[in-house]
Amino acid sequence: MVGAAGDDHNIIHRMAMEDPIPWYKKPYLRRMYFLLFPCVIGIEMTSGFDSQIINAAQLLPAWKSYFGNPTGAYNGILASALPLGSVIGLPLIPLVNDYFGRRWCIMFGSCIMVIGTLIQGFAFNGVMYILARGIIGFGLPYAIVAGSCLIGELGYPKERPILTSLFNACYFIGAIVAAGCTFGTQKIQNDWSWRIPSLLQMAPSLLQIGFVFFLPESPRWLMSKDRFEEARAVLVKYHAEGNADSEFVKAEYVEIKTTLEMELENSKRSWLDLIRTAGMRRRVLIGSLLGLFTQLSGNVVISYFLGDVLKLIGYTDPGFQAKYNLGNQCWSLICGVSAALVVMRFRRRTMYLTGILSILGVYVAWTACTAVFIVNKSDIAAKLSLFWIYAYSPAYNLCFNALTYTYLIEIFPFAQRAKGIAVFQFWGKAAQFFGTNVNPIGTQAIGWKYLLVYCCWIFAEAIFIWFLWPETSGRSLEELAFLFEDKEDYARRAEKAVTKTVLHLNDSDKHSQSQVVEQEKV
């Protein structure tokens, strides 16, 4: 448990955790959280929708016929055009995010995605379809990077890890809608069977466009632009329910302001900051590996090429494949939300190591069952393979889904947060591009033996996580800003400023109370 094992010496974290009033009894905070879902936390619905658009579209006869029954490399580029577009757009994301603010960056990315979706829905050949998916991919990381930053920087510390963990869980909402929609439209005997789901992919982006400016801007971003009173107003309204005399907000404001001053005085706000110090280089290494791990842990095989996987074990009926796929997405949503809700109860390293070892166990068992079916045509082995595909979801969600953005926001300080998440996105999208191109070729060339490659790679991932991943639970974002640096020179300056503020407030309270007592005596 974090409460027992975590590092609770941070004053802000301790004050937040000791707050007895739950979020749903705080009107302003409750309103902000409800707004976060459609316009920020729901950003990842687009990613989930996209994975199932490709996965489910490959089961539609009309889609196959329209695009010339794509297989191998052609099938791979149809799926991988989106991550390719993301990689192209990533270098400019921190500039837009840090200069124009989190909300405008979300708006920009969402508008790009709407344009791409319209082109995708009305594509008249494969080239236009691939181009449209590249445009969607270009806009998606703008919204993801800004949205994940905004959640972490707006959330009350008591709920922040849960909110950032739910960010990725919304992937499955988009996947369920896409799988269900495509399952319904497969009865349409023309091109609209795939055009309707393709056009519906703009729904999350329209929500973001419609609601994002109802949210406040990040108080940390406002302070970085010397808009201190606006930042204080946001903190007072949403972290203290309008109480300008709140001890917590005064201490939080001092910690954020002091930490930002130290960060920015040692930062040139350029990409070179990411390699300037040993601490930043370690952050970049972890962020890069995390990007690779989230896409190369065997999940792309299930997300994008489930039809091919089911064919390996004898399930070739498109109707069964569509139902199985829809059920798997619903099950994954349950697993994703459940993992997000328990993120405060366990250490980050514990969840990561438990998750990756579980993924390894599932993949080894799944590979073995698939091999037995292919060699012996065992019906029991085929059914066990179906079970192991479902068992993959809780294992993956426990670490890579629930913790990804929570962990990224915690290990990267404000000045480099957008760049750090952009680096993660680069490696994640590059890995996704690689996987969506290589997986269909690999499964077609060597069949079930291709799964052995993932078994070996997942084992390597576990070793990297064991040696490189630091613990981050039980601390505020500002304390974590100096996770790899000399705390004597940096973190303690912020801690002393907060302590001084709290002690001053306590002394003022005691003085006021003594005055009241004296007046009562008189």
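Residue under question is L306, and the condition is that it be closer than 12 Å to P394 by Cα and not basic (K, R); does it hold?
no
Restricting to the range 214-235, count the residues that are open to solvent by 40 Å² or more (accessible area, probe 1.4 Å) and of a type in the set (A, V, I, L, M, F, W, C).
3
For residues in the range 240-249 being in contact (Cβ under 8 Å) with a residue 12 or more places away in the chain and touching a Lys or Arg at 6+ places or on another chain (Cβ under 9 Å), which is surrounded by the most Cβ atoms within 10 Å (Cβ to Cβ)?
Ranking the qualifying residues of the range 240-249, first place goes to V249.
Output the number of the condition that E261 fails; it satisfies all remaining conditions of (1) outside any loop (DSSP other than H, G, I, E, B); (2) farther than 30 Å from I21 by Cα; (3) in contact (Cβ under 8 Å) with a residue 12 or more places away in the chain.
Failing condition for E261: (3).
Residues in the range 401-421: is at least one in a helix (DSSP H, G or I), without any contact (Cβ under 8 Å) to a residue 60 or more places away in the chain and small (G, A, S)?
The answer is no; no qualifying residue exists.
Using the structure shown, decide if S86 is open to solvent by less than 30 Å² (accessible area, probe 1.4 Å), touching a Ser or Thr at 6+ places or on another chain (Cβ under 7 Å) and part of a helix (DSSP H, G or I).
No: the conditions fail for S86.
Specify the residue that is farthest from F426 (Cα to Cα); the eligible residues are those in the range 259-290 that are open to solvent by less than 50 Å² (accessible area, probe 1.4 Å) and either of a type in the set (D, E) or touching a strand residue (DSSP E or B) at 6+ places or on another chain (Cβ under 7 Å) (or both).
Among residues in the range 259-290 that are open to solvent by less than 50 Å² (accessible area, probe 1.4 Å) and either of a type in the set (D, E) or touching a strand residue (DSSP E or B) at 6+ places or on another chain (Cβ under 7 Å) (or both), the one farthest from F426 (Cα to Cα) is E263.
Which residues, counting only those in the range 295-320, are open to solvent by less than 10 Å² (accessible area, probe 1.4 Å) and modelled with pLDDT of 85 or more?
Within the range 295-320, S297, G298, L310, I313 meet the criteria.
Within the range 134-162, can you find the residues that are under 12 Å from the mean Cα position of the chain (by Cα) and open to solvent by 10 Å² or more (accessible area, probe 1.4 Å)?
I162
If I go through the range 429-442 residue by residue, how many of them are in contact with a Leu (Cβ under 7 Å, 6 or more places away or on another chain) and open to solvent by 10 Å² or more (accessible area, probe 1.4 Å)?
1
Give the range 170-189 a look and list any residue that's part of a loop (DSSP other than H, G, I, E, B), open to solvent by 50 Å² or more (accessible area, probe 1.4 Å) and either basic (K, R) or at pLDDT 85 or above (or both), or say none.
Of everything in the range 170-189, just one residue is part of a loop (DSSP other than H, G, I, E, B), open to solvent by 50 Å² or more (accessible area, probe 1.4 Å) and either basic (K, R) or at pLDDT 85 or above (or both), namely K187.
Taking the conditions exactly as written (open to solvent by 70 Å² or more (accessible area, probe 1.4 Å), of a type outside the set (A, V, I, L, M, F, W, C) and over 20 Å from the mean Cα position of the chain (by Cα)), does Y129 satisfy them or not?
no
Only one residue in F167, F211 is assigned to a helix (DSSP H, G or I) and surrounded by fewer than 19 Cβ atoms within 10 Å (Cβ to Cβ). Which one?
Being assigned to a helix (DSSP H, G or I) and surrounded by fewer than 19 Cβ atoms within 10 Å (Cβ to Cβ) holds for just one of F167, F211, which is F211.
Can you tell which of I119, I115, I88 is in contact (Cβ under 8 Å) with a residue 40 or more places away in the chain and of a type outside the set (K, R)?
It is I88.
What is the one condition in (1) within 20 Å of Q201 (Cα to Cα); (2) under 22 Å from the mean Cα position of the chain (by Cα); (3) not hydroxyl-bearing (S, T, Y) that L35 does not satisfy?
Only one criterion in (1) within 20 Å of Q201 (Cα to Cα); (2) under 22 Å from the mean Cα position of the chain (by Cα); (3) not hydroxyl-bearing (S, T, Y) is unmet by L35, namely (1).
Name the residues in the range 229-239 that are in contact (Cβ under 8 Å) with a residue 40 or more places away in the chain and charged (D, E, K, R), would you?
Within the range 229-239, K237 is the sole residue that qualifies.
Return a yes/no flag: does the range 334-352 have any residue that is within 22 Å of A79 (Cβ to Cβ), part of a loop (DSSP other than H, G, I, E, B) and open to solvent by less than 20 Å² (accessible area, probe 1.4 Å).
no
What are the pairs with Cβ atoms under 7 angstrom where one residue, in the range 40-51, is over 9 Å from N168 (Cα atoms) and open to solvent by 10 Å² or more (accessible area, probe 1.4 Å) and the other, located anywhere, is of a type outside the set (S, T, Y) and assigned to a helix (DSSP H, G or I)? Sequence gap at least six, or different chains.
Here the result reads S47/L140; S47/G174, each pair linking the range 40-51 to a residue that is of a type outside the set (S, T, Y) and assigned to a helix (DSSP H, G or I).
Being in a loop (DSSP other than H, G, I, E, B) and either of a type in the set (A, V, I, L, M, F, W, C) or within 25 Å of D191 (Cβ to Cβ) (or both) is the filter here; which residues of the range 107-161 pass it?
Across the range 107-161, the qualifying residues are F122, A123, F124, N125.
If you scan the range 301-318, which residues turn out to be of a type in the set (S, T, N, Q) and under 13 Å from A57 (Cα atoms)?
Passing the criteria: only S303.
The values are calculated or read from the model by the stated rules, or taken from the named source; none is laboratory data. Quick caveat, the model's predicted, so the values are computed rather than measured. Here the Cβ is made from the backbone with ideal geometry for all residues, glycine too, and neighbour counts use every protein chain on show. The area values use the complete protein model at the heavy-atom level, side chains included, leaving out ligands, DNA and RNA. Shrake-Rupley method; radii C 1.70, N 1.55, O 1.52, S 1.80 Å.
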